[in-house]
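Each remark here refers to the structure printed beneath this line.
No lab work stands behind these numbers, since they all come straight from the coordinates. On a predicted model such as this, the values are computed, not experimentally measured, just so you know. Here the Cβ positions follow ideal geometry from the backbone for every residue, glycine too, while neighbour counts run over all protein chains shown.
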Amino acid sequence: MVASNEDADKIVGIMCQWLPATYAYDMMEEIWMEVGRYTDNDSLHETIQILMQKIYEADNIIYPEGLE
């Protein structure tokens with residue numbers, strides 16, 4: 001099951017309390033590169049993308065690669 005919008009907001013809120021948004025995004029990008037891109041679990045794949053997008057939106061950071 002893909003994380004709900006509310007759950008994703010809570011997760012990102014907690015991550016950004018503990019880490020600067022740039023670190024949180026970089027951490028999620030590494031998770032994406034090591035796990036999300038290759039998983040057969042569609043829910044995990046989508047959840048990682050959702051979390052990355054929400055971190056990006058929370059800090060209005062411009063990253064060159066985006067969510068591919």
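Quick one: net charge around Val12, please, counting Lys, Arg +1 and Asp, Glu -1 for every other residue with C-beta under 13 Å from its C-beta.
On the way: positive: Lys10, Lys54; negative: Glu6, Asp7, Asp9, Glu57, Asp59.
Net charge in that neighbourhood comes out at -3.
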Mean Cβ neighbour count within 10 Å, used as a protection proxy, ranking 31-39, 48-56, 19-27 highest first: 48-56, 19-27, 31-39
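At 0.36 nm per residue, minus the direct Cα-Cα distance, what do Tyr38 and Val2 gain on full extension? Give it in nm, one decimal, please.
On the way: separation 36, 0.36 × 36 = 12.96 nm, distance 1.65 nm.
Full-extension gain reported as 11.3 nm.
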Helix-derived mean residue ellipticity, 222 nm - over the chain, DSSP H n ≥ 4, -39500 (n - 2.57), to 500: -20500 deg cm²/dmol
Label point distance in nm, Ile14-Asp26, each placed 7 Å from Cα along Cα→Cβ: 2.3
